[in-house]
Every structure is written in structure tokens, then in C-alpha cells.
Amino acid sequence: MNSFMIKKLIAKDWYFNRYIMLAYFVGGLIALGVMFSGGTTTFTIGSILLVTAIISLGCHLVMGTVVQERTNQTLAFIMSLPVSVRDYTAAKLFANITVFLVPWVLLSAFLLSIMSTSQIGSGGAVPIFTLMLFWMVITYLIMLGTALVSESEGWTIVAMAVCNTAFTLVFMGLNAIEGIGGELLKQPEVIWTGASLSVLAVEVAAIALILSLTFYFQSRKTDFL
Amino acid sequence: MTAAIMRDVRKVYPHFTLDGINLDLPAGQIMGLIGPNGAGKSTTIRILMGLVHQDAGEVQVFGHAMPAGEVKTKADIGYVSEDMRLYGGQTLKWHMGFIASIFPSWDQSYADDLLRRFDLTADQKIKGMSHGQRVKASLLLVLARMPRLLILDEPTTGLDPVARQEVLAALMDVLADEERTILFSSHNTQDVEQLSDSITFIDRGKVIASDDKESFLDSWRRIRFEVPNGANLPTVPGQETVQTSGHISVVTTSNFSDASAKAYEASGARIMAVEHMTLEEIFLSNVSASRGRALQ
């Protein structure tokens with residue numbers, strides 16, 4: 001792989017998306033402020049805002065850096081440079097994932113740290129929140145992989161719709177698992193059960209699988225423009 | 001030295017097949033690739049660039065087998081395509097910096113010179129430029145990095161006549177600077193005729209003719225005959241198309257000579273006129289003859 005060109009392409013996408021990353025991070029911080037401003041209602045509203053900020057960041061990045069690069073016909077410009085499809089895929093995945101993960105890591109760290117403190121007393125919800133945060137990474141990678149592999153705006157929008165619809169269902173499903181949701185959410189302390197650790201391991205494996213499949217399908221392409 | 005070679009290249013799509021493409025692009029030559037829309041020009045070029053992998057056949061660019069040598073080869077190729085866009089939200093200056101950071105061969109003084117000659121403003125955002133200015137900006141970006149091979153895939157398509165002439169004039173101006181190997185594709189024969197040393201006609205996925213521009217113009221003729229009752233025009237080598245209306249027949253030939261004229265006259269036909277053909281007429285006759293042969 002052409003590491004020189006991969007670095008150039010990553011730097012380009014970081015440069016193009018620096019304000020987007022900052023804007024969604026600030027939006028996420030505001031959502032956290034609302035969550036912990038006191039009261040159950042504001043906690044719920046803030047949670048929805050935070051989830052919306054993270055999911056929207058993912059959608060924005062996928063549409064802006066992958067789909068629009070094709071629809072705006074700038075992909076031909078990039079592919080005229082000394083890069084292969086593998087170089088392009090590696091650069092696109094690395095740039096997108098890091099731009100997504102910087103605000104995601106910071107917001108997740110703030111959220112889970114605050115929840116874990118004894119004053120708030122919502123440590124029992126930390127595992128399910130962690131699992132849902134990882135689920136958002138999974139859905140982001142599904143959308144990104146779909147955009148890269150399908151090269152289709154339509155399929156990418158379908159993937160976004162399915163992933164976003166699945167969010168509530170996944171939350172309900174996890175909440176129904178003993179050792180992750182239910183009574184555990186009312187506990188003030190953080191309790192990592194075997195069930196929550198197992199789901200976390202499955203999510204990490206899913207992330208690795210999606211990345212591998214994206215590379216695999218991209219490397220099989222014989223036509224790229 | 002040959003810059004690019006294609007041998008028996010084949011690419012099959014569900015509704016289109018590029019078949020038996022043989023092409024030799026000598027270094028230092030400007031080759032025009034002419035074909036109607038959908039003829040396979042862009043596919044041929046994308047195979048040369050390694051962006052599309054051929055199903056069969058051999059492709060070499062500067063000695064590198066394609067598509068395996070895609071990355072090394074593209075370092076020596078400057079590519080501008082009708083369906084290629086620069087980043088609208090960025091300035092031309094940003095693009096120049098981006099390209100300069102990738103190619104050590106980038107010549108800033110030449111880029112500044114091209115800015116003046118193309119009448120472009122480096123600080124202007126691409127989205128604020130006209131289509132003609134965007135094409136010239138793309139040309140500047142590839143020319144200033146001094147590629148050994150320049151591939152221009154229908155760069156004048158979609159331009160209004162004024163912008164098209166501006167782009168062609170600018171292109172002819174800079175091409176006169178030094179020897180470059182160029183592959184220039186278009187469905188507009190006038191554009192290609194102005195720029196090219198050699199011409200390759202492509203239609204329905206096949207190369208139907210390839211020769212020096214001057215050879216095409218020298219050897220092709222349209223001959224008008226009066227054919228009296230009882231006389232039949234013979235089939236003379238090089239005869240491409242025949243159109244008959246009453247006693248008048250019009251023959252196009254790709255190999256006109258005194259001998260072929262005498263062969264027609266020997267049949268009893270009287271030559272009324274022998275006319276030179278424009279490149280467009282030669283192209284249309286080639287397409288017509290090729291499609292006629294395909295039907296037979």
C-alpha cells in the first residue's frame with residue numbers, strides 16, 4: 001500500500017471535516033449539559049439530543065466524504081492520483097473513523113464518567129449506555145461500508161434508515177436482558193455482568209467483521225469509476 | 001519508444017463489450033481518440049489508467065503492466081476528464097498546494113505562468129468558476145506537475161462554443177511548449193483535428209481505424225460518378241461506402257489513387273468529381289462502413 005498517498009488523503013478529509021467534527025462535538029456537549037441539568041425529563045431529552053448528535057455526525061460524514069465524492073464527481077480527481085482502490089479504501093476508512101471517533105470518545109468519556117459519579121447515582125445504566133454507544137459505532141461502520149461498497153446513494157440511505165430504526169429496538173432488546181437492563185439500571189454503582197461483557201465482545205467482533213468485509217468487497221472490485 | 005500499448009483488450013459489460021482493442025501510442029505523439037457517445041472511449045482510457053480491469057488482453061503503460069502497475073503508472077499520467085470535478089468548496093490555490101505536496105515534479109513558476117495564460121485566479125473557489133474555467137483549472141493542475149503522458153477524456157464536452165475555443169486555444173498554446181505524449185478523446189472531430197498527430201476511430205467497442213491524421217486526409221476521397229445504363233461500379237480495394245440515386249453514385253474510398261480512378265472508369269462510369277473529405281466525414285464513413293460490415 002502507498003502509505004504516502006494514504007496519509008495525504010487522510011489529511012485532506014480531516015481538513016475538509018474539521019468544522020463538522022467540532023460542531024457535532026459542541027452539540028454533544030450541549031446535550032450532556034441538558035442531560036445532567038437535573039430532573040428525569042431533561043435527562044431523557046438530553047439523551048435523545050446526544051444520540052441524535054452522534055448518529056447525525058455519522059450520517060453527515062458518510063454522505064459528505066463518500067457519497068458526495070461520487071455524486072460531485074470529485075472521486076475521478078482523487079483516483080487520477082497515484083492511488084489504488086485499496087489505498088483509497090484504507091484512507092477513507094481511517095479518516096472517517098478517526099473523525100467520528102474523536103468526538104465519540106470524548107462525549108462517551110464525559111457521559112460515562114458523569115454517570116459513574118456517586119452524586120448522580122446512575123452507575124447501573126453505564127453498561128447499557130456503553131453498549132449503545134458501541135452500537136452507534138457499529139451502525140456508523142455499516143453505513144460507511146455500504147456507501148463504499150455499493151457506491152450507491154440509495155443503498156446508503158436505506159442503510160441509514162435501517163440502522164437508525166434499529167437503535168430503539170436494540171435498546172429495548174438489551175434492556176430486556178437480565179444483567180444488562182431492568183432492575184440493574186436503578187443501581188447507583190457500575191456493575192459489569194457476564195451478559196453485558198459478552199454483548200460488548202460481540203460488538204467489538206462485529207466492528208472487526210464489518211471492517212474486514214468492507215476491505216474484502218472493495219478489493220474484489222474490477223471497475224472503480 | 002512507446003508510451004502505451006494495448007493488445008487484444010476485452011472488457012464485457014451486460015450491455016456493452018469492448019473487444020479486440022489494439023492501440024500503440026508512441027512517446028511524443030498526440031493521439032486523438034474519436035468515437036460517438038458510448039463507443040468505448042472512456043472505458044478504453046479507464047483501462048489504460050488501471051481504474052477498470054480488462055477481462056482479457058495486455059495493457060502496458062511506460063513498461064508497467066496494467067492494472068497491477070496502476071499506482072506507479074499514474075504518477076506519470078495527468079488525467080482530465082469531462083466527468084471529473086475539483087472540490088467546489090476549495091480554492092484553486094488549495095488544489096495547487098495539494099498537488100504540489102504529492103508530486104515533486106510540480107513546477108510552481110510554470111503553474112503561475114499557466115494561471116496568467118488561462119486567465120485564472122488562484123484564490124477563487126472552484127464553485128465560483130465557470131465550466132470553462134474549471135476545465136482550465138484541471139488542465140493547469142496536471143500540466144504543472146509535468147506528467148509524461150497526458151490523458152484528456154472529452155475535456156471540451158459541455159462547454160459553450162466560446163469556452164470550448166478558449167480551452168482549445170489554451171491547450172494548443174501550452175502543447176506547443178514541449179514534446180508531450182497525449183491521448184485526447186472526443187466525439188467532436190474538429191477538436192481532435194486541431195490537436196492530434198494521429199487519429200484512432202472507435203465505434204461500438206471496436207477500433208475501426210487508426211492512422212496518422214495526414215494519411216487519413218490524404219488517402220480518403222469522395223468520388224461522384226455518373227453510371228450509365230448497363231455499367232456496374234466495380235468493388236475497388238479501399239472502397240468503404242457506396243450510395244446510389246438513379247444514375248448518380250457516390251463512393252467513399254480510404255485508399256484513393258490514380259489506379260483506383262482508372263479501375264472505376266474502366267467499368268464505363270464517368271467521374272464527375274473527386275473531393276477531399278473532412279475528418280468528420282472520414283469518421284462518419286468509417287463508422288458507416290464498419291457498421292455495414294458488421295451487418296454482413
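Each reported figure results from applying straightforward, stated rules to the coordinates on display, with no laboratory input. Being a predicted model, the structure only gives us computed values, none of them experimental. Positions of Cβ are generated from backbone atoms using ideal geometry, with glycine treated the same way; all protein chains shown enter the neighbour counts.
Quick notes on this one:
- When each of the peptides B:228-238, B:159-169 is scored by how many other beta carbons lie within 10 Å of its residues on average, the order from highest to lowest is B:159-169, B:228-238.
- Euclidean distance between Cα centres, the stretch B:184-252 to the stretch B:1-64, Å: 24 Å
- Helix axis angle, A:3-16 relative to chain A longest principal axis, alpha carbon, degrees: 60 degrees
- In this calculation the C-beta distance from A:Thr52 to B:Lys72 is compared with R0 = 45 Å, giving a FRET efficiency of 0.45.
- Using the Karplus relation 6.51 cos²θ - 1.76 cosθ + 1.60 with θ = phi - 60°, the per-residue 3J(HN,Hα) values for the stretch B:191-199 come to 4, 5, 4, 5, 9, 8, 8, 10, 10 Hz, with x marking Gly and Pro.
- Against the main long axis of the alpha-carbon atoms of chain A, helix A:85-116 sits at an angle near 10°.
- The phi torsions of the stretch A:215-222, fed into the Karplus equation with coefficients 6.51, -1.76 and 1.60 and a -60° offset, translate into couplings of 5, 4, 5, 5, 6, 8, 5, 10 Hz, rounded to whole numbers, with Gly and Pro shown as x.
- Sites A:Thr40 and B:Asn22 - FRET efficiency at Förster radius 56 Å, r taken between beta-carbons, to 0.05: 0.15
- Where labels lie 7 Å past Cα in the beta-carbon direction, separation of A:Thr222 and B:His247 in nm: 5.9 nm
- Between B:Glu58 and B:Glu280, the distance separating the two model label sites (each 7 Å from Cα on the Cα→Cβ line) works out to 4.0 nm.
- Additional length obtainable on full extension of the chain from A:Val202 to A:Arg70, 0.36 nm per residue less Cα span: 44.2 nm
- Estimated FRET transfer efficiency when R0 is 41 angstrom, pair B:Ser288-B:Thr121 (beta carbons, to 0.05): 0.30
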